[in-house]
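Colleague: Structure provided below as C-alpha coordinates; questions to follow.
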Amino acid sequence: MIKSVNPGAVGLVVTEFISVEGLTRNNVKSQLMLRFKEVERPISIQIFGYDIERMINAAKMVEDAGAEIVDINCGCPVPKVVRRGGGCELMRQPDHLARIVESVSGAVKIPVTVKIRAGWDESSINAPDVGRRVESAGAKLIAVHGRTRVQMYRGEADWGIVSAVQSAVHIPVVGSGDVVDRSSAQRFYDSGAAGLMIGRGAMYNPWIFSELSEGKTSSISRRNELAAVDFLLKYIDEAEADEGERGAVTRVKQISGHITRGLRDGAEFRNRLCHSSSLQQTRAILLEWASRSVGSGEELGERIGV
Ligand SMILES: Cc1cc2nc3c(=O)[nH]c(=O)nc-3n(C[C@H](O)[C@H](O)[C@H](O)COP(=O)(O)O)c2cc1C
(Lines give C-alpha, C1' and ligand atoms only; values in the text may rest on other atoms or scores of the structure.)
Protein backbone atom coordinates (compact mmCIF):
# COMPACT_ATOMS: atom_id res chain seq x y z
CA MET A 1 0.00 0.00 0.00
CA ILE A 2 2.87 2.35 0.77
CA LYS A 3 4.17 1.79 -2.74
CA SER A 4 0.79 2.37 -4.33
CA VAL A 5 0.29 5.75 -2.64
CA ASN A 6 3.87 6.82 -3.42
CA PRO A 7 4.31 5.88 -7.09
CA GLY A 8 7.98 5.66 -7.98
CA ALA A 9 9.16 7.05 -4.65
CA VAL A 10 9.90 3.84 -2.75
CA GLY A 11 13.10 2.07 -3.77
CA LEU A 12 13.01 -0.92 -1.47
CA VAL A 13 10.64 -2.66 0.90
CA VAL A 14 12.08 -4.58 3.85
CA THR A 15 10.03 -7.10 5.82
CA GLU A 16 9.92 -7.24 9.58
CA PHE A 17 12.43 -9.69 11.01
CA ILE A 18 11.83 -13.43 10.86
CA SER A 19 13.35 -15.85 13.36
CA VAL A 20 15.86 -18.29 11.83
CA GLU A 21 14.93 -20.69 14.65
CA GLY A 22 11.30 -20.56 13.50
CA LEU A 23 12.16 -20.81 9.80
CA THR A 24 14.52 -23.74 10.14
CA ARG A 25 12.20 -25.64 12.50
CA ASN A 26 9.34 -25.27 10.02
CA ASN A 27 7.29 -23.03 12.24
CA VAL A 28 4.19 -22.17 10.19
CA LYS A 29 3.97 -18.55 11.35
CA SER A 30 7.58 -17.94 10.33
CA GLN A 31 7.07 -19.61 6.95
CA LEU A 32 4.01 -17.42 6.30
CA MET A 33 6.14 -14.36 6.95
CA LEU A 34 8.16 -15.17 3.82
CA ARG A 35 5.16 -14.42 1.62
CA PHE A 36 5.10 -11.21 -0.38
CA LYS A 37 3.32 -9.77 -3.39
CA GLU A 38 4.92 -8.99 -6.73
CA VAL A 39 4.19 -5.28 -6.29
CA GLU A 40 6.48 -5.29 -3.27
CA ARG A 41 9.54 -6.02 -5.40
CA PRO A 42 12.37 -5.30 -5.04
CA ILE A 43 12.02 -6.80 -1.59
CA SER A 44 14.49 -7.53 1.16
CA ILE A 45 13.57 -10.16 3.72
CA GLN A 46 15.12 -9.71 7.14
CA ILE A 47 16.17 -12.61 9.37
CA PHE A 48 17.47 -12.71 12.93
CA GLY A 49 19.29 -15.31 14.97
CA TYR A 50 22.71 -16.43 16.19
CA ASP A 51 23.45 -19.97 15.03
CA ILE A 52 25.53 -19.90 11.85
CA GLU A 53 24.03 -23.05 10.26
CA ARG A 54 20.51 -21.82 10.89
CA MET A 55 21.36 -18.37 9.52
CA ILE A 56 22.68 -20.03 6.34
CA ASN A 57 19.64 -22.27 5.93
CA ALA A 58 17.21 -19.45 6.64
CA ALA A 59 18.99 -17.23 4.08
CA LYS A 60 18.61 -20.01 1.51
CA MET A 61 14.89 -20.13 2.29
CA VAL A 62 14.72 -16.37 1.73
CA GLU A 63 16.47 -16.81 -1.61
CA ASP A 64 14.14 -19.65 -2.58
CA ALA A 65 11.15 -17.48 -1.65
CA GLY A 66 12.32 -15.13 -4.43
CA ALA A 67 13.51 -12.13 -2.42
CA GLU A 68 16.06 -9.81 -4.03
CA ILE A 69 18.01 -9.31 -0.79
CA VAL A 70 18.51 -11.06 2.55
CA ASP A 71 19.07 -8.69 5.47
CA ILE A 72 20.55 -9.66 8.84
CA ASN A 73 19.10 -7.95 11.91
CA CYS A 74 21.70 -6.66 14.38
CA GLY A 75 19.53 -3.87 15.71
CA CYS A 76 16.64 -5.41 17.62
CA PRO A 77 16.90 -4.36 21.30
CA VAL A 78 14.17 -6.63 22.70
CA PRO A 79 15.40 -8.75 25.69
CA LYS A 80 13.87 -11.97 24.34
CA VAL A 81 15.91 -11.57 21.14
CA VAL A 82 19.26 -10.35 22.51
CA ARG A 83 19.27 -12.96 25.31
CA ARG A 84 19.43 -15.64 22.63
CA GLY A 85 22.32 -13.93 20.87
CA GLY A 86 20.29 -12.28 18.10
CA GLY A 87 19.54 -8.67 17.15
CA CYS A 88 21.79 -6.06 18.74
CA GLU A 89 23.70 -8.68 20.78
CA LEU A 90 25.59 -9.45 17.55
CA MET A 91 27.15 -5.98 17.77
CA ARG A 92 28.81 -7.11 21.00
CA GLN A 93 30.19 -10.14 19.21
CA PRO A 94 31.66 -8.68 16.02
CA ASP A 95 33.84 -11.75 15.31
CA HIS A 96 30.81 -14.01 15.38
CA LEU A 97 28.81 -11.50 13.32
CA ALA A 98 31.57 -11.39 10.70
CA ARG A 99 31.49 -15.21 10.51
CA ILE A 100 27.73 -15.14 10.02
CA VAL A 101 27.96 -12.55 7.23
CA GLU A 102 30.80 -14.40 5.53
CA SER A 103 29.05 -17.78 5.75
CA VAL A 104 25.69 -16.48 4.58
CA SER A 105 27.29 -14.49 1.73
CA GLY A 106 29.04 -17.64 0.57
CA ALA A 107 25.83 -19.67 0.68
CA VAL A 108 23.41 -17.50 -1.33
CA LYS A 109 23.63 -15.66 -4.64
CA ILE A 110 21.46 -12.70 -3.60
CA PRO A 111 23.15 -9.77 -1.81
CA VAL A 112 23.48 -9.95 1.97
CA THR A 113 22.90 -6.71 3.88
CA VAL A 114 23.06 -5.86 7.58
CA LYS A 115 21.00 -3.59 9.83
CA ILE A 116 22.79 -2.24 12.90
CA ARG A 117 22.39 0.30 15.70
CA ALA A 118 24.95 2.84 16.92
CA GLY A 119 26.23 0.30 19.44
CA TRP A 120 25.16 -1.43 22.64
CA ASP A 121 25.36 1.58 24.94
CA GLU A 122 26.84 5.06 25.02
CA SER A 123 30.23 3.78 26.14
CA SER A 124 30.46 1.11 23.44
CA ILE A 125 29.50 2.90 20.21
CA ASN A 126 31.05 0.66 17.57
CA ALA A 127 28.89 1.04 14.44
CA PRO A 128 31.78 2.27 12.20
CA ASP A 129 33.95 -0.66 13.31
CA VAL A 130 31.13 -3.18 12.90
CA GLY A 131 30.43 -1.58 9.51
CA ARG A 132 34.02 -2.21 8.35
CA ARG A 133 33.90 -5.78 9.65
CA VAL A 134 30.69 -6.70 7.86
CA GLU A 135 31.84 -5.00 4.67
CA SER A 136 35.01 -7.14 4.67
CA ALA A 137 32.86 -10.19 5.38
CA GLY A 138 30.80 -9.57 2.23
CA ALA A 139 27.87 -7.31 3.19
CA LYS A 140 26.65 -5.21 0.26
CA LEU A 141 24.79 -2.52 2.22
CA ILE A 142 24.45 -1.43 5.82
CA ALA A 143 21.40 0.20 7.40
CA VAL A 144 22.13 2.18 10.57
CA HIS A 145 19.60 3.20 13.21
CA GLY A 146 21.34 5.94 15.19
CA ARG A 147 20.35 4.79 18.67
CA THR A 148 22.05 2.40 21.06
CA ARG A 149 20.49 -0.82 22.29
CA VAL A 150 20.16 0.68 25.76
CA GLN A 151 18.25 3.65 24.36
CA MET A 152 15.67 1.31 22.81
CA TYR A 153 13.47 3.96 21.13
CA ARG A 154 14.11 6.77 23.63
CA GLY A 155 16.00 9.99 23.00
CA GLU A 156 16.97 11.15 19.54
CA ALA A 157 18.57 9.16 16.75
CA ASP A 158 22.16 10.28 16.18
CA TRP A 159 22.65 10.89 12.47
CA GLY A 160 26.33 11.69 13.17
CA ILE A 161 26.87 7.96 13.62
CA VAL A 162 25.16 7.25 10.27
CA SER A 163 27.63 9.68 8.72
CA ALA A 164 30.56 8.05 10.51
CA VAL A 165 29.60 4.60 9.21
CA GLN A 166 29.23 5.92 5.64
CA SER A 167 32.74 7.43 5.93
CA ALA A 168 34.15 4.15 7.28
CA VAL A 169 32.94 1.90 4.44
CA HIS A 170 32.75 1.84 0.64
CA ILE A 171 29.33 0.19 0.38
CA PRO A 172 26.07 2.18 0.59
CA VAL A 173 24.80 3.11 4.04
CA VAL A 174 21.10 3.68 4.68
CA GLY A 175 20.26 5.92 7.62
CA SER A 176 17.29 5.33 9.91
CA GLY A 177 15.72 7.24 12.75
CA ASP A 178 13.15 9.94 13.43
CA VAL A 179 12.55 11.15 9.88
CA VAL A 180 8.89 12.16 9.84
CA ASP A 181 8.71 15.13 7.45
CA ARG A 182 10.75 17.42 5.21
CA SER A 183 12.48 19.26 8.00
CA SER A 184 13.54 16.13 9.89
CA ALA A 185 14.76 14.65 6.57
CA GLN A 186 17.43 17.37 6.59
CA ARG A 187 19.46 15.13 8.94
CA PHE A 188 19.60 12.57 6.18
CA TYR A 189 20.61 15.09 3.51
CA ASP A 190 23.37 16.38 5.82
CA SER A 191 24.66 12.90 6.71
CA GLY A 192 26.03 11.95 3.30
CA ALA A 193 24.33 8.54 3.61
CA ALA A 194 23.36 6.79 0.40
CA GLY A 195 19.79 6.07 1.42
CA LEU A 196 17.02 6.85 3.85
CA MET A 197 14.77 4.35 5.61
CA ILE A 198 11.50 5.47 7.19
CA GLY A 199 9.62 3.42 9.78
CA ARG A 200 7.28 5.10 12.22
CA GLY A 201 6.99 8.23 10.08
CA ALA A 202 5.38 6.12 7.35
CA MET A 203 2.76 4.77 9.73
CA TYR A 204 1.86 8.36 10.70
CA ASN A 205 2.10 9.69 7.15
CA PRO A 206 2.06 6.98 4.43
CA TRP A 207 2.53 9.70 1.77
CA ILE A 208 5.88 10.81 3.19
CA PHE A 209 7.94 9.13 0.47
CA SER A 210 6.30 11.17 -2.33
CA GLU A 211 6.49 14.30 -0.24
CA LEU A 212 10.23 13.90 0.26
CA SER A 213 10.91 12.97 -3.33
CA GLU A 214 9.15 16.14 -4.48
CA GLY A 215 12.01 18.08 -2.97
CA LYS A 216 12.87 20.16 0.02
CA THR A 217 11.01 23.26 -1.03
CA SER A 218 7.58 21.81 -1.84
CA SER A 219 5.08 22.20 0.96
CA ILE A 220 2.32 19.97 -0.35
CA SER A 221 1.09 17.41 2.17
CA ARG A 222 -1.36 14.72 1.15
CA ARG A 223 -2.16 13.80 4.73
CA ASN A 224 -5.74 14.73 5.64
CA GLU A 225 -8.94 13.10 6.93
CA LEU A 226 -10.21 11.96 3.53
CA ALA A 227 -6.89 10.58 2.43
CA ALA A 228 -6.64 8.69 5.73
CA VAL A 229 -10.09 7.15 5.30
CA ASP A 230 -9.36 6.20 1.71
CA PHE A 231 -6.12 4.54 2.81
CA LEU A 232 -7.77 2.72 5.72
CA LEU A 233 -10.66 1.39 3.61
CA LYS A 234 -8.19 -0.10 1.15
CA TYR A 235 -6.09 -1.37 4.03
CA ILE A 236 -9.14 -3.15 5.46
CA ASP A 237 -9.63 -5.02 2.17
CA GLU A 238 -5.97 -6.04 2.06
CA ALA A 239 -5.93 -7.12 5.69
CA GLU A 240 -9.18 -9.05 5.38
CA ALA A 241 -7.93 -10.92 2.33
CA ASP A 242 -4.70 -11.68 4.12
CA GLU A 243 -5.83 -12.72 7.57
CA GLY A 244 -9.60 -12.72 7.76
CA GLU A 245 -12.02 -10.47 9.61
CA ARG A 246 -10.76 -10.82 13.17
CA GLY A 247 -7.16 -10.15 12.35
CA ALA A 248 -8.13 -7.27 10.09
CA VAL A 249 -10.23 -5.57 12.81
CA THR A 250 -7.21 -5.56 15.13
CA ARG A 251 -4.79 -4.42 12.46
CA VAL A 252 -6.99 -1.52 11.42
CA LYS A 253 -7.18 -0.36 15.02
CA GLN A 254 -3.37 -0.46 15.24
CA ILE A 255 -2.69 1.45 12.05
CA SER A 256 -5.52 3.95 12.68
CA GLY A 257 -3.85 5.03 15.88
CA HIS A 258 -0.94 6.39 13.85
CA ILE A 259 -2.55 7.60 10.66
CA THR A 260 -5.31 9.65 12.38
CA ARG A 261 -3.05 11.27 14.96
CA GLY A 262 -3.52 15.05 14.89
CA LEU A 263 -6.34 14.93 12.34
CA ARG A 264 -9.70 16.58 13.02
CA ASP A 265 -11.78 14.59 15.56
CA GLY A 266 -9.15 11.86 15.31
CA ALA A 267 -9.18 11.09 19.04
CA GLU A 268 -12.95 10.64 19.09
CA PHE A 269 -12.75 8.44 16.00
CA ARG A 270 -10.09 6.23 17.58
CA ASN A 271 -12.15 5.96 20.71
CA ARG A 272 -15.17 4.73 18.74
CA LEU A 273 -13.03 2.39 16.69
CA CYS A 274 -11.70 0.77 19.87
CA HIS A 275 -15.11 -0.76 20.47
CA SER A 276 -15.61 -2.05 16.95
CA SER A 277 -15.76 -5.81 16.66
CA SER A 278 -16.55 -6.28 12.96
CA LEU A 279 -15.31 -4.87 9.68
CA GLN A 280 -18.78 -3.66 8.83
CA GLN A 281 -18.78 -1.56 12.01
CA THR A 282 -15.23 -0.41 11.32
CA ARG A 283 -16.13 0.74 7.79
CA ALA A 284 -19.23 2.55 9.08
CA ILE A 285 -17.23 4.39 11.77
CA LEU A 286 -14.65 5.37 9.18
CA LEU A 287 -17.24 6.70 6.75
CA GLU A 288 -19.01 8.60 9.48
CA TRP A 289 -15.75 10.26 10.47
CA ALA A 290 -14.93 11.11 6.86
CA SER A 291 -18.39 12.49 6.13
CA ARG A 292 -17.79 15.19 8.71
CA SER A 293 -14.89 16.46 6.61
CA VAL A 294 -16.86 16.81 3.40
CA GLY A 295 -20.46 17.23 4.34
CA SER A 296 -22.68 14.89 2.35
CA GLY A 297 -22.23 11.14 2.05
CA GLU A 298 -22.73 11.30 -1.71
CA GLU A 299 -19.97 13.80 -2.17
CA LEU A 300 -17.77 11.65 0.03
CA GLY A 301 -18.52 8.57 -2.07
CA GLU A 302 -17.49 10.45 -5.19
CA ARG A 303 -14.29 11.70 -3.66
CA ILE A 304 -13.05 8.41 -2.27
CA GLY A 305 -14.59 6.20 -4.91
CA VAL A 306 -16.89 3.98 -2.82
C1 LIG B 1 7.13 -1.45 16.14
C2 LIG B 1 8.50 -1.46 15.50
C3 LIG B 1 8.96 -2.63 14.91
C4 LIG B 1 10.22 -2.68 14.31
N5 LIG B 1 10.65 -3.84 13.72
C6 LIG B 1 11.86 -3.85 13.13
C7 LIG B 1 12.32 -5.04 12.46
O8 LIG B 1 11.63 -6.08 12.44
N9 LIG B 1 13.54 -4.99 11.88
C10 LIG B 1 14.32 -3.86 11.90
O11 LIG B 1 15.41 -3.87 11.33
N12 LIG B 1 13.92 -2.76 12.52
C13 LIG B 1 12.72 -2.72 13.11
N14 LIG B 1 12.31 -1.57 13.75
C15 LIG B 1 13.22 -0.41 13.78
C16 LIG B 1 12.99 0.50 12.56
O17 LIG B 1 13.35 -0.17 11.37
C18 LIG B 1 13.80 1.80 12.63
O19 LIG B 1 15.17 1.54 12.54
C20 LIG B 1 13.53 2.59 13.91
O21 LIG B 1 12.17 2.56 14.27
C22 LIG B 1 13.94 4.06 13.75
O23 LIG B 1 13.39 4.61 12.58
P24 LIG B 1 12.00 5.43 12.56
O25 LIG B 1 12.15 6.59 13.52
O26 LIG B 1 11.87 5.85 11.11
O27 LIG B 1 10.90 4.49 12.99
C28 LIG B 1 11.06 -1.52 14.34
C29 LIG B 1 10.58 -0.35 14.94
C30 LIG B 1 9.32 -0.30 15.53
C31 LIG B 1 8.87 0.98 16.18
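Colleague: Please give the number of the condition Val169 fails out of (1) more than 30 Å from Ser291 (Cα to Cα); (2) away from the ligand (no atom under 15 Å from the Cβ); (3) surrounded by fewer than 14 Cβ atoms within 10 Å (Cβ to Cβ).
Modeller: (3)
Colleague: Residues that are over 30 Å from Ala227 (Cα atoms) and more than 16 Å from the ligand (Cβ to nearest atom), at least 1 per element: which helices (runs of 4 or more DSSP H) completely within segment 6-89 meet that?
Modeller: Working: elements: 20-24, 28-32, 52-64, 79-82.
Filter on segment 6-89 gives 20-24, 28-32, 52-64.
Colleague: Only residues that are away from the ligand (no atom under 14 Å from the Cβ) and polar (S, T, N, Q): list them for segment 114-166, please.
Modeller: Ser123, Ser124, Asn126, Ser136, Ser163, Gln166
Colleague: Within segment 244-262, is there a residue that is open to solvent by 20 Å² or more (accessible area, probe 1.4 Å), among the aliphatic types (A, V, I, L, M) and within 27 Å of Arg182 (Cα to Cα)?
Modeller: Looking for residues that are open to solvent by 20 Å² or more (accessible area, probe 1.4 Å), among the aliphatic types (A, V, I, L, M) and within 27 Å of Arg182 (Cα to Cα), one finds at least one in segment 244-262, hence yes.
Colleague: From the set of residues in segment 177-211 that are open to solvent by 20 Å² or more (accessible area, probe 1.4 Å) and in contact (Cβ under 8 Å) with a residue 60 or more places away in the chain, which is nearest to the ligand (Cβ to nearest atom)?
Modeller: Start the filter on segment 177-211 by keeping residues that are open to solvent by 20 Å² or more (accessible area, probe 1.4 Å), which leaves 178, 180-183, 186-190, 192, 194, 196-200, 203-204, 209.
Checking the rest, the ones that are also in contact (Cβ under 8 Å) with a residue 60 or more places away in the chain come to 197, 209.
Values: Met197: 6, Phe209: 12 Å.
Per the criteria, the residue is Met197.
Colleague: Considering only segment 31-46, I want to know if a residue exists there that is within 24 Å of Ile161 (Cα to Cα) and open to solvent by less than 60 Å² (accessible area, probe 1.4 Å). Give the derivation first.
Modeller: The initial filter retains those residues of segment 31-46 that are within 24 Å of Ile161 (Cα to Cα), namely 44, 46.
Filter once more, so that each one left must be open to solvent by less than 60 Å² (accessible area, probe 1.4 Å): 44, 46.
Within segment 31-46, one or more residues are within 24 Å of Ile161 (Cα to Cα) and open to solvent by less than 60 Å² (accessible area, probe 1.4 Å).
Colleague: Before we move on, is Trp120 free of Cβ contacts under 8 Å to residues at least 40 places away in the same chain and more than 20 Å from Gly195 (Cβ to Cβ)? Give the steps one after another, and end with the answer.
Modeller: Values: free of Cβ contacts under 8 Å to residues at least 40 places away in the same chain: yes; more than 20 Å from Gly195 (Cβ to Cβ): yes.
So Trp120 passes the test.
Colleague: Keeping to segment 224-252, report how many residues are in a loop (DSSP other than H, G, I, E, B) and either within 16 Å of the ligand (Cβ to nearest atom) or in contact with a helix residue (DSSP H, G or I) (Cβ under 7 Å, 6 or more places away or on another chain) (or both).
Modeller: Keep residues of segment 224-252 that are in a loop (DSSP other than H, G, I, E, B), which gives 224.
Then drop every residue that is not either within 16 Å of the ligand (Cβ to nearest atom) or in contact with a helix residue (DSSP H, G or I) (Cβ under 7 Å, 6 or more places away or on another chain) (or both), which leaves none.
Total satisfying the criteria: 0.
Colleague: How many residues does segment 90-111 contain that are open to solvent by less than 30 Å² (accessible area, probe 1.4 Å) and either in contact with a Leu (Cβ under 9 Å, 6 or more places away or on another chain) or among the charged types (D, E, K, R) (or both)?
Modeller: 5
The values are calculated or read from the model by the stated rules, or taken from the named source; none is laboratory data. Predicted model, so just to flag it, every value in this text is computed and none were measured. All Cβ positions, even for glycine, are placed from backbone atoms using ideal geometry, and neighbour counts span all protein chains on display. All accessible areas refer to the heavy atoms of the entire protein, side chains included, with ligands and DNA or RNA removed. Shrake-Rupley method; radii C 1.70, N 1.55, O 1.52, S 1.80 Å.
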